[in-house]
Amino acid sequence: MFELKRNLSLLDQRCNALKYFVYEGGMWCADEKLLSYCGHIKNNDVIIDSNKNPVMIKNVKEFYNKALQQHQLVLNEYAEEYKSIVT
């Protein structure tokens, strides 16, 4: 049981680190919060990145697609690894 919890914790930590990506010189975490926030910004809006830096998002659609792609990549890896850990 301890080994299972440890492996799941390590998986969670690794996948959280993989959520980060770079766009327009900013560092972003491709989580549900960012994906939701993308629906409320417009082209050329300035938002704060993960390092507390202001960054202008020139193309919201491109930004959203990059965040979604990174998010889905991490979720797919998480699902595969989770399955191998618990079975």
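The values are calculated or read from the model by the stated rules, or taken from the named source; none is laboratory data. Predicted model only: the values in this text are computed from it and were never measured. In this analysis, Cβ positions are derived from the backbone assuming ideal geometry, glycine residues included, and neighbour counts consider all displayed protein chains.
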Query raised in the report: When both residues are 6+ apart or on different chains and their Cβ atoms are under 7 Å apart, which pairs have a first residue that lies in the range 51-78 and is free of Cβ contacts under 8 Å to residues at least 24 places away in the same chain, and a second that is among the β-branched types (Val, Ile, Thr) and outside any strand (DSSP E or B)?
Result: VAL60/ILE41
Query raised in the report: Can you tell me which residues in the range 49-58 are within 15 Å of VAL22 (Cβ to Cβ) and either modelled with pLDDT under 95 or not charged (D, E, K, R) (or both)?
Result: SER50, ASN51, ASN53, VAL55, MET56, ILE57
Report summary line: When restricted to TYR37, TYR64, TYR82, the only residue touching a Cys at 6+ places or on another chain (Cβ under 6 Å), not in a strand (DSSP E or B) and not hydrophobic (A, V, I, L, M, F, W, C) is TYR64
Query - Residue satisfying all of: in the range 48-87; out of contact with any Leu (no Cβ under 9 Å at 6 or more places or on another chain) and among the β-branched types (Val, Ile, Thr); surrounded by the most Cβ atoms within 10 Å (Cβ to Cβ) among these - result: ILE57
Query raised in the report: Restricting the range 1-40 to residues that are out of contact with any helix residue (DSSP H, G or I) (no Cβ under 7 Å at 6 or more places or on another chain) and of a type in the set (Phe, Trp, Tyr), which is surrounded by the fewest Cβ atoms within 10 Å (Cβ to Cβ)?
Result: PHE2
Query - Cβ-Cβ under 8 Å pairs, at least 6 apart or on other chains, the range 3-27 side closer than 20 Å to TYR64 by Cβ, far side at pLDDT 95 or above and among the small types (Gly, Ala, Ser) - result: LYS19/ALA30; TYR20/ALA30; TYR20/SER50; PHE21/ALA30; PHE21/ALA67; TYR23/ALA67; GLY26/SER50; MET27/SER50
